[in-house]
Every structure is written in C-alpha cells, then in structure tokens.
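Read through the structure below, which is laid out as structure tokens, and then see the notes.
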Amino acid sequence: MKTRAAVLFDLHQPFEIIELDLDDPGPGEVLIKYTAAGLCHSDLHLSDGSLPPRFPIVGGHEGSGVIEAVGPGVTKVKPGDHVVCSFIPNCGTCRYCSTGRQNLCDMGATILDGHMPDGTFRFHADGKDFGAMCMLGTFSERSVISQHSVVKVDDWLPLDKAVLVGCGVPSGWGTAVYTGGVRQGDTVVIYGIGGLGINTVQGAVHSGARHVVVVDPVQFKRDEAMKFGATHAFATAEEAHAAVEKLTWGQMADQALILVGTVDEPVVSAAFDVIGKGGTVVITGLGNMTDKTVQVSGTQLALFGKTIKGSLFGSANPQYDIVKLLRLYDEGKLKLDELITTTYTLETLNQGYQDLQDGKIMRGVLVHDT
Ligand SMILES: NC(=O)c1ccc[n+]([C@@H]2O[C@H](COP(=O)([O-])OP(=O)(O)OC[C@H]3O[C@@H](n4cnc5c(N)ncnc54)[C@H](O)[C@@H]3O)[C@@H](O)[C@H]2O)c1
Ligand SMILES: [Zn+2]
Ligand SMILES: [Zn+2]
C-alpha cells in the first residue's frame, strides 16, 4: 500500500511530503487511517537537535483515526474502531506497566528510532527504511502500528478534537494533577503556555488551586491562559516571583511547572526559587535539555524539603486517562475545541511549525484528506 507522509531527512531541514510504501500489519499490529495529527513541539525537537532521531523519520506522535485492518493475534481493536494513539505504547506486562507506571513502558524505549520492538520498519522507499516518530508517524495518511499504541474511544467523539488527548492534554494536565500533585488551595506557577502548558492550567484548576500564575512572553498565550482559568499572567519570571511573594505572604508557591519549549538554566532557577518549603518543581519541557546540567542548592533540597521531578506523559496511564479525559470533554468539564487555533494539511505542515515558533497558535492540528 502507498501512503503520503511528512518526512524529516536530517537536522535543521523542513518536512518533505513524499510517497512511501507501507507494509501490511504483522502479528499484534494494526493498519490505521489517521484522521488528524497534532502539531506538538516535540516533532520540532527532532530537527532542532534536542531529540535527535534516526533519520529518515515520518513525523507526528499525536494522532487519532480509524482502524482499517488488523494483523494476527490482535485482540484490542477491530476494523472500524475509532482510536486515539498514545505516544508511549503500553505493553501491559513490562516492569513499569505492571507496577502502575504505564507512561514509562519499556516498549517506548525506541520511540526516536521509530522501528517496531523487533527492530523492523513499516515505511519504506527506494530500498530505504523510514522510521515513525514514537512508532506512530501520524503525519502520514496511514501507518502500521502496535495494538499497544492505540486506545479505543467512543464513535461519536470528534476525532479531530480527540487527537489532542494523545499527547498535549495528558502531558500538560497530568503535569499538574499527577506529577505535581496540585491540591486544593495550592499556589501554582506554570512556565510556558503552549499546547501542553494550557492544559496544565486546566489541570491546576481541576485540582482546586487557589492561585494559578502563568508566565509566557507572548501576550496571546497569556490572554488564553486567563480564559482557561489562570488567575495571574506575566511576561517574565521576575514579575511572577514578585506576585507570588505578595499573594502567599512570603510562603511562596507549592508547585512550579516548566512546560517551555526550550528549557534553560534561568527558567529552572526561577522555578526552584519561586517554590517554598516542601515545594515541587516539575520539568516537562524537553527542548535544549540534551547534555545539560541544572544546578540547584543541595542545602535547599535538604533543609527545605524541595523536590525536582521530570514528567513523561504527565505520569498518566494512557489506557485509563485518554478515555477519562474524553469523558470530561464530553461532559463539558475539559476544553478541547478551544485549544485548536488553526488547522493544516500535509502541504501546509511546515507553515504550522513556523506559526508555532512565531507564537501564533496554541495547538495546530493537521487534518488528513478523507
Ligand atoms: N515530557 C513530556 O511528556 C512531553 C510531552 C510532549 C511535549 N513535551 C515538551 O514540552 C514542551 C512544550 O511543548 P508544546 O507543544 O506545548 O510547545 P509550545 O511551543 O506550544 O509551547 C511552549 C511555550 O513556551 C513559551 N516560552 C518560551 N520561552 C519561555 C520562557 N523563558 N518562559 C516562559 N515561557 C516561555 C512559548 O512562548 C510557548 O508559548 C516541548 O519541549 C515539548 O517537546 C514534553
Ligand atoms: Zn507531544
Ligand atoms: Zn510496558
């Protein structure tokens, strides 16, 4: 079968739209026709050097679609099922899946190489193997993926909105609710209001935070954050620090959550300084972190009981949380439609990533031709 896909061939290159050969699904695999794909910043990190993959690679790891065929032994879904993809597969049996940490599933170990667990690829052209970002490659019309990468969802849900619960929503929402452990009455500071950070605002609000203070240099992002329930919005970390000092009578924040695309020492230091005793810093942003060392005061960690954590997929359980978040959406308790600023096609995908870098969109969504 042939499929059109957006491919990265090297660092610092745009996506090229080309036709690829796609294998039939093997044992435990499914053929999916993608309906939509979200423009997450992580795909940009494939080309900016922050998450260097094996090239060439088909981009896209936020996806939704319809199952067209299944390989031998597939029990989880059948042709015609509507699914949302999880950017981390869930095998259900590895050390992490079997101890309630499905977001760390061992099957996700090769998501940047983009091959199946047995080391083979499903996309090919001109005698070359092409990887699939997160073993998904949602910037392709069709793909062959593991049954462990899909979560069946209700047929009536709009797949072009539900697509966002494949990465941005749980990764952002869970940063506040699960990894950060935000509680009623907490003061939370959120750095970076993009496709993830805006959902961290939703998560902090759901958890009953008293103050949700956001920091983003872009005015549009700050305005959106206020519409989603933030209580204060600032262009700089310094302004946020001063406000938190006042709001908490010097006790400072309970959580500082970092969702910027390019994490650097000043952001991490600002987060570490804005939390008070017993406070938690969570780093979710991935950009610029390869080989970087972050310095914090060991005395403050020990004497003030401060914690620094990383967060993958918002410490959520894809199988459970994707369905749960869509229920919240269906009941009007979680915003998805409002997250999407602009929709794109394969042909305008590079423009979408330019818009993301220019701060023009909260989340862009690529809608595939039907
Ligand atoms: N850990 C995970 O599970 C996970 C999952 C998906 C994405 N990510 C990463 O999260 C990050 C955010 O992704 P996104 O899709 O939301 O990106 P995005 O580009 O949509 O949002 C980033 C936001 O950060 C803002 N920003 C930049 N510098 C800032 C600063 N110094 N202070 C405050 N705000 C600043 C930008 O204006 C933008 O609004 C990326 O690095 C992405 O790779 C992590
Ligand atoms: Zn993502
Ligand atoms: Zn597993």
(message) I'd like to verify a number: residues in the stretch 344-363 that are touching a residue at least 12 places away in the same chain (Cβ under 8 Å), surrounded by fewer than 14 Cβ atoms within 10 Å (Cβ to Cβ) and not in a helix (DSSP H, G or I), how many?
(response) 1
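Please state which one of K277, K246 is open to solvent by 50 Å² or more (accessible area, probe 1.4 Å), modelled with pLDDT of 95 or more, more than 16 Å from ligand 3 (Cβ to nearest atom) and in a strand (DSSP E or B).
Working: K246 fails: in a strand (DSSP E or B).
After ruling out the rest, the residue left standing is K277.
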(message) Quick test of your reading of the structure: C167 fulfils all but one of (1) open to solvent by less than 30 Å² (accessible area, probe 1.4 Å); (2) in contact with an Asp or Glu (Cβ under 8 Å, 6 or more places away or on another chain); (3) closer than 20 Å to Y329 by Cβ; (4) more than 16 Å from ligand 1 (Cβ to nearest atom). Name the failing condition by number.
(response) (4)
(request) Would you mind telling me which numbered condition in (1) away from ligand 1 (no atom under 15 Å from the Cβ); (2) touching a strand residue (DSSP E or B) at 6+ places or on another chain (Cβ under 9 Å); (3) charged (D, E, K, R) K324 fails? (result) (2)
(request) Return the residue satisfying two criteria in turn: it lies in the stretch 92-119 and is part of a helix (DSSP H, G or I) and touching a Leu at 6+ places or on another chain (Cβ under 7 Å), and of such residues it is most open to solvent (accessible area, probe 1.4 Å). (result) L104
(request) Check off (1) closer than 30 Å to T342 by Cβ; (2) away from ligand 2 (no atom under 16 Å from the Cβ); (3) in contact with a His (Cβ under 8 Å, 6 or more places away or on another chain); (4) outside any helix (DSSP H, G or I) for P89 and give me the number that stays unchecked. (result) (2)
(request) Go through the stretch 249-274 and give me each residue that's in a strand (DSSP E or B) and modelled with pLDDT of 95 or more. (result) A253, D254, Q255, A256, L257, I258
(request) Name the residue, out of G194, G181, G229, G137, that is outside any helix (DSSP H, G or I), closer than 18 Å to L39 by Cβ and open to solvent by 10 Å² or more (accessible area, probe 1.4 Å). (result) G194
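Test D291 against the stated conditions and say whether it is open to solvent by 70 Å² or more (accessible area, probe 1.4 Å) and modelled with pLDDT under 95.
Values: open to solvent by 70 Å² or more (accessible area, probe 1.4 Å): yes; modelled with pLDDT under 95: yes.
It is true that D291 is open to solvent by 70 Å² or more (accessible area, probe 1.4 Å) and modelled with pLDDT under 95.
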(message) Restricting to the stretch 22-34, name every residue that is open to solvent by 10 Å² or more (accessible area, probe 1.4 Å) and either in contact with a His (Cβ under 6 Å, 6 or more places away or on another chain) or among the basic types (K, R) (or both).
(response) K33
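What's the total number of residues in the stretch 249-267 that are among the hydrophobic types (A, V, I, L, M, F, W, C) and open to solvent by 60 Å² or more (accessible area, probe 1.4 Å)?
First, pick out the residues of the stretch 249-267 that are among the hydrophobic types (A, V, I, L, M, F, W, C): 249, 252-253, 256-260, 263, 267.
Checking which are open to solvent by 60 Å² or more (accessible area, probe 1.4 Å) leaves us with 249.
Looking only at that region, the number is 1.
Do you know which of the residues in the stretch 79-98 that are within 15 Å of D154 (Cβ to Cβ) and away from ligand 1 (no atom under 16 Å from the Cβ) is farthest from the chain's Cα centre (by Cα)?
If we filter the stretch 79-98 for residues that are within 15 Å of D154 (Cβ to Cβ), which is where we start, we get 80-84.
Then drop every residue that is not away from ligand 1 (no atom under 16 Å from the Cβ), which leaves 80-83.
Numbers: G80: 26, D81: 23, H82: 20, V83: 17 Å.
Going through the qualifying residues, I end up with G80.
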(message) Tell me yes or no: at least one residue of the stretch 140-161 is more than 16 Å from ligand 3 (Cβ to nearest atom) and within 14 Å of D43 (Cα to Cα).
(response) yes
(message) Taking the criterion of being part of a loop (DSSP other than H, G, I, E, B), surrounded by fewer than 24 Cβ atoms within 10 Å (Cβ to Cβ) and not hydrophobic (A, V, I, L, M, F, W, C), would at least one residue in the stretch 2-11 satisfy it?
(response) yes
(request) Inspect the stretch 171-193 for any residue being touching a Cys at 6+ places or on another chain (Cβ under 7 Å) and near ligand 1 (Cβ under 9 Å from one of its atoms) and give the result as yes or no. (result) no
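The values are calculated or read from the model by the stated rules, or taken from the named source; none is laboratory data. In this text the structure is predicted, and so the values were computed from the model without any measurement. All Cβ positions, glycine included, derive from the backbone under ideal geometry; neighbour counts span all protein chains shown. Keep in mind that these areas ignore ligands, DNA and RNA; they rest on the heavy atoms of the full protein, side chains included. Shrake-Rupley method; radii C 1.70, N 1.55, O 1.52, S 1.80 Å.
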